[in-house]
Each structure stands twice: as C-alpha cells, then as structure tokens.
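These notes concern the structure reproduced below.
The values are calculated or read from the model by the stated rules, or taken from the named source; none is laboratory data. Bear in mind that the values here come from a model prediction, so they are computed numbers and not experimental data. Cβ coordinates were reconstructed from backbone atoms using ideal geometry, including for glycine residues, and neighbour counts include every protein chain displayed.
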Amino acid sequence: MSRAALLVLADGRFPAGGHAHSGGVEAAVASGAVRDARGLEEFCRGRLHTAGLVAAALAAAASAGYDPLALDEAADARTPAPALRNVARRLGRQMVRAAQATWPSPELTALAHARPRGAHQPIVLGLAARTAGLTPLDAAHAAAYENTSGPATAAVRLLSLDPFEATAALARLSGELGQVAERAARAAARTETEGTTALPSASAPLLDITAQHHADWPVRLFAS
C-alpha cells in the first residue's frame with residue numbers, strides 16, 4: 001500500500017479525537033510555563049523525548065505484530081496518572097472507529113472486543129499502521145509527531161500564538177523527532193526476544209501531576 005497512508009494517519013484532520021486534547025499544554029499555559037513560541041518548543045521537546053518516545057515504541061511494536069494485549073498492559077504500567085490512562089483509552093476507542101472505517105481489520109476488531117473500555121491509543125495507531133501496510137518505523141513517526149503537533153495546535157488557540165511560529169517550532173524539532181522514532185522502532189524490534197521490558201519507560205512526572213490536576217478543573221478548553 002502507498003506510503004501516502006502515513007500522511008492520512010498523521011494528518012491532524014484524521015477523525016481520531018486528538019483535536020479535543022492539548023497534550024498537557026493547557027495546564028502549562030495556565031501555570032505560565034509556556035508563554036510563547038520558545039516555551040512551546042521546549043515543552044514539545046520535553047514531551048517528545050518522554051511521552052512521545054514511549055508512545056512511538058508502543059505503536060511500532062503493535063505495527064510489528066507484537067501481542068496488543070501485552071502492549072496494553074505495558075502501556076498501563078508506563079502511565080501512572082489515572083487521568084492519562086483514561087484519556088489514552090478514550091482516544092483509543094475513537095482511533096478504533098476511525099481506523100476501522102479507513103482500513104478495516106480483524107486485528108482491530110479483536111482488540112476492540114478484548115478491550116471494550118478502549119486500548120491505549122498508540123497501540124491502536126500501530127495496528128492501524130500495520131493494516132495500512134506501513135512499517136513499524138512509520139508507526140513510530142506518526143505517534144511521535146502526534147505527541148508534538150497536538151500541543152502545538154492547542155497552543156495556537158490558548159495563546160493566540162502565530163500559527164507560523166508554532167509550525168516553525170515543530171519544524172525545528174523534526175531532526176529530533178526522527179531520532180526518537182528510530183530509537184522507538186529499534187526498541188520495538190527487540191520485543192520479539194525480550195518482551196515488553198525492551199520498550200522505553202521514559203517519564204515526565206510534571207506532565208502526570210498537571211494532567212491529574214487538569215482533569216479536576218471545572219472549566220477548561222481541552223479535555224486533557
């Protein structure tokens with residue numbers, strides 16, 4: 001299948017529900033940690049090398065054909081904040097709907113039945129990439145990109161940030177994004193012999209803490 005499928009999967013207009021989530025940047029803006037394009041770039045860099053790396057490795061492993069239920073358990077272990085686990089599963093349910101409409105797959109159907117509350121979104125993304133004929137590295141690129149593009153898009157709305165500046169910040173991260181995707185794909189390749197312990201478990205405690213607080217806000221623009 002054409003690599004154009006990667007463009008469809010990574011497109012922010014793919015109806016997988018990501019537009020309703022800020023990737024933690026709403027809380028960062030509220031705290032003053034992100035005020036401008038420079039702060040956004042640093043936030044996205046930190047997210048890329050932590051949550052982005054973990055998501056990319058999970059997606060790559062799913063795309064490579066590793067047991068998605070074992071990966072879902074590994075994702076739970078790498079997501080200590082209950083709020084983020086709930087978000088990941090909610091986005092997973094939406095991703096299943098979008099992926100099944102685009103690339104129908106018995107594997108996606110089986111996962112949806114096994115995890116009626118939703119599997120973690122990167123795992124569903126990886127299975128969608130597999131069904132679309134993409135490689136584990138492609139899946140890693142899509143997951144890593146999503147982990148930075150989502151906050152960048154949200155910051156434009158939250159800060160009335162110039163969208164050209166937000167896009168430029170993403171472009172400056174492109175080299176690092178490629179490196180993260182390659183590292184994630186190499187780790188995913190080792191799961192065949194080492195199991196899920198081969199996958200990275202990089203953490204961002206502040207993201208976990210602020211996500212939990214954000215979930216309790218009575219008024220917020222984004223779901224997370």
Worksheet item: Take the residues of the range 89-128 that are β-branched (Val, Ile, Thr) and within 12 Å of the chain's Cα centre (by Cα): which is surrounded by the most Cβ atoms within 10 Å (Cβ to Cβ)?
Response: VAL124
Worksheet item: Exactly one of (1) on the phi < 0 side of the Ramachandran plot; (2) over 15 Å from the mean Cα position of the chain (by Cα) is unmet by ARG85. Its number?
Response: (2)
Worksheet item: Could you list, in sequence order, the residues of the range 124-179 that are in a loop (DSSP other than H, G, I, E, B) and of a type in the set (S, T, N, Q)?
Response: THR135, SER160
Item to complete: With respect to ALA187, determine if the residue is on the phi < 0 side of the Ramachandran plot and part of a helix (DSSP H, G or I).
Response: yes
Worksheet item: Filtering the range 51-88 down to residues that are small (Gly, Ala, Ser) and more than 13 Å from ALA185 (Cα to Cα), which residue is surrounded by the fewest Cβ atoms within 10 Å (Cβ to Cβ)?
Response: ALA77
Item to complete: Search the range 74-101 for residues that are at pLDDT 95 or above and pair each with any residue that is in a helix (DSSP H, G or I) and among the hydroxyl-bearing types (Ser, Thr, Tyr) when their beta-carbon atoms are under 6 Å apart and the residues are at least 6 apart or on different chains.
Response: ALA74/THR196
Response to the item:
Over the range 37-73, the set of residues under 22 Å from GLY175 (Cβ atoms) and hydroxyl-bearing (Ser, Thr, Tyr) is THR50
Item to complete: Can you confirm whether the range 71-89 contains a residue that is of a type in the set (Lys, Arg), closer than 24 Å to GLY46 by Cβ, in contact with a helix residue (DSSP H, G or I) (Cβ under 6 Å, 6 or more places away or on another chain) and not in a helix (DSSP H, G or I)?
Response: yes
